[in-house]
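Peer 1: Sharing a structure, written as structure tokens. Questions coming.
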Amino acid sequence: MSAQPDTSKVVAALVERARAAMVTYDNTNQDRVDDAVTALAWSIYQPGNARDLAEMAVEDTGLGNVDSKVIKNTRKTFGTLRDLMRVRSVGVIDENPARGMVKYGKPVGVVAAVCPSTNPSATAVNKAMMALKGGNAVIIAPSPAGAKTTARTVELMRAELDRAGHPEDLVQILPLPVSKELTTELISRADLAVVTGSQNNVKRAMQSGTVAIGVGAGNVPVIIDESADLSVAARMIQQSKCFDNATSCSSENSVVILDSIYDAAIAALEDAGAWRCTADQRDQVRAQLWQNGVLNRAVIAKDPSVLAHVFDLPEAAKRARFFLVEEDSVDGAHSFADEKLSLVLTVYRALDWEHAKHIVHDVLEVCGKGHSVGIHTQDASHARDLAATSDVVRVLVNQPHTLGNGGSFENALPFTLSMGCGTWAGNTIDENLNWRHFVNITHLVTTIAEDKPDESDLFGQYWARHGK
């Protein structure tokens, strides 16, 4: 269906303003580009704004909790700014005289940034920082559920750009009320679409004809093996699972525990605040978690006391921090093997290491293939084996998954709120979204001394094995 004239005109005007802003943006001067990026970071990082936006997001969407969203607004922004300030992105970004190669970073153009309701402020700033780092302009398409928060976030970014002497129209937002038609039209007119959110949104962008970067669904399974420090592992899982009430795609959805330590690991999780559901309570949770084949919004990203009430659990369960449901097998969609976006953690008992890997494989076949897995272990061979045999982009070892998967000050992953999942999930990137995805590179190529090996150097071993 073609866009309505008003929709087309509205989006065309935004894109025209974005292109005009790029003309006046000093986007070949790395110092000025970095100044603009820092302005965006400061717009959300300053304490008053970080908390106001967090409070607005929870009120706007009904998802997550304020303190976690403050951390997202500050920690993700600070980490991303650290990453961006360490690289050159415009003009000459790399020079290798020995190879006769000079690389020039150049803008990709106007970026359409589709943002989810789970992170209506942090994701908007994160994508805008990366876009401007590449010398681009960005137009944000918010989720309808988080649109008010995203609109306020854009107001703050534009004001800080203006204060620092940069064109405000480098960052714009679709007018409210946002609609699928507006978002679709924006994607069709942009030079690059970067989509975080529902898989339906990702698929539409990939089919739009515009160059698009989408991300895959999360559904993280984590293994606890016999060598793990069970107390530390349990605390990390609790910290990660409870962060922002499990809104993150990197939140643990399943834990796979080796048989020999199963009871001790469950006890450690209970000590960390878990409520272990009985078989009857597990059925009550299942009945409320999915309704008519979809997740029940009454339980998505809600506080544990709310969940305990909705699940009709005992009064003592309202004091828990998250809820364990034990399963004997991996079922399909809309089962406890699926992504839950809530403080419900599925537990599987693995007979041995090979069985644990098999369970992880089966969980990812239900949902989350390509995204990530985790392991708590002191056995490096187990971590390497899991990485070698799992169809995921990221394998985190002994880390709170939510706080490490999108970048950390204690690992080498780039800070981001958008995780590419490779062809396993139908994505064009197999890494964390970062500044490199927002630049085109021109290669200046000059001649070097001939680099041509002898035939025997390349074919010698093959000839020796098979003859000429």
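Peer 1: Inspect region 318-333 for any residue being assigned to a strand (DSSP E or B) and under 23 Å from Ser117 (Cα atoms) and give the result as yes or no. Can you show your working first?
Peer 2: Just the residues of region 318-333 that are assigned to a strand (DSSP E or B), to begin with: 322-327.
Narrowing the set further to residues that are under 23 Å from Ser117 (Cα atoms) leaves 322.
Yes, some residue in region 318-333 is assigned to a strand (DSSP E or B) and under 23 Å from Ser117 (Cα atoms).
Peer 1: Counting only residues that are over 20 Å from the mean Cα position of the chain (by Cα) and within 28 Å of Thr118 (Cα to Cα), how many does region 361-378 have? If you could, list the steps in order and put the result at the bottom.
Peer 2: Let us first name the residues in region 361-378 that are over 20 Å from the mean Cα position of the chain (by Cα), namely 361-362, 376-378.
Checking the rest, the ones that are also within 28 Å of Thr118 (Cα to Cα) come to 361-362, 376.
So the count comes out to 3.
Peer 1: I need the helices (runs of 4 or more DSSP H) fully contained in region 15-89, keeping only those with at least 3 residues that are over 21 Å from the mean Cα position of the chain (by Cα). Break it down into steps so the answer makes sense when it comes.
Peer 2: Details: elements: 30-45, 47-61, 66-71, 77-85.
Qualifying helices (runs of 4 or more DSSP H): 30-45, 47-61.
Peer 1: Taking the condition of being over 20 Å from Phe243 (Cα atoms) and either of a type in the set (D, E, K, R) or in a loop (DSSP other than H, G, I, E, B) (or both), how many residues in region 292-317 meet it?
Peer 2: So the answer is 7.
Peer 1: Take the residues in region 334-345 that are among the hydrophobic types (A, V, I, L, M, F, W, C) and in a loop (DSSP other than H, G, I, E, B), then tell me which one is surrounded by the most Cβ atoms within 10 Å (Cβ to Cβ). Working first, answer last.
Peer 2: In the first step, residues of region 334-345 are kept if they are among the hydrophobic types (A, V, I, L, M, F, W, C); the result is 336-337, 341, 343-345.
Now narrow it down to the ones that are in a loop (DSSP other than H, G, I, E, B): 336-337, 341, 343.
Values: Phe336: 24, Ala337: 26, Leu341: 24, Leu343: 24.
So, considering only residues that are among the hydrophobic types (A, V, I, L, M, F, W, C) and in a loop (DSSP other than H, G, I, E, B), the one surrounded by the most Cβ atoms within 10 Å (Cβ to Cβ) is Ala337.
Peer 1: Between Trp275, Trp290, which is of a type in the set (A, V, I, L, M, F, W, C), farther than 22 Å from Asn405 by Cβ and at pLDDT below 95?
Peer 2: Working: Trp275 fails: at pLDDT below 95.
Among Trp275, Trp290, only Trp290 is of a type in the set (A, V, I, L, M, F, W, C), farther than 22 Å from Asn405 by Cβ and at pLDDT below 95.
Peer 1: Any chance you could count how many residues in region 166-218 are buried (at least 16 other Cβ atoms within 10 Å of the Cβ), part of a loop (DSSP other than H, G, I, E, B) and in contact (Cβ under 8 Å) with a residue 40 or more places away in the chain?
Peer 2: 12
The values are calculated or read from the model by the stated rules, or taken from the named source; none is laboratory data. Bear in mind that the values here come from a model prediction, so they are computed numbers and not experimental data. As a convention, Cβ positions derive from the backbone with ideal geometry for all residues, glycine included, and neighbour counts pool all protein chains shown.
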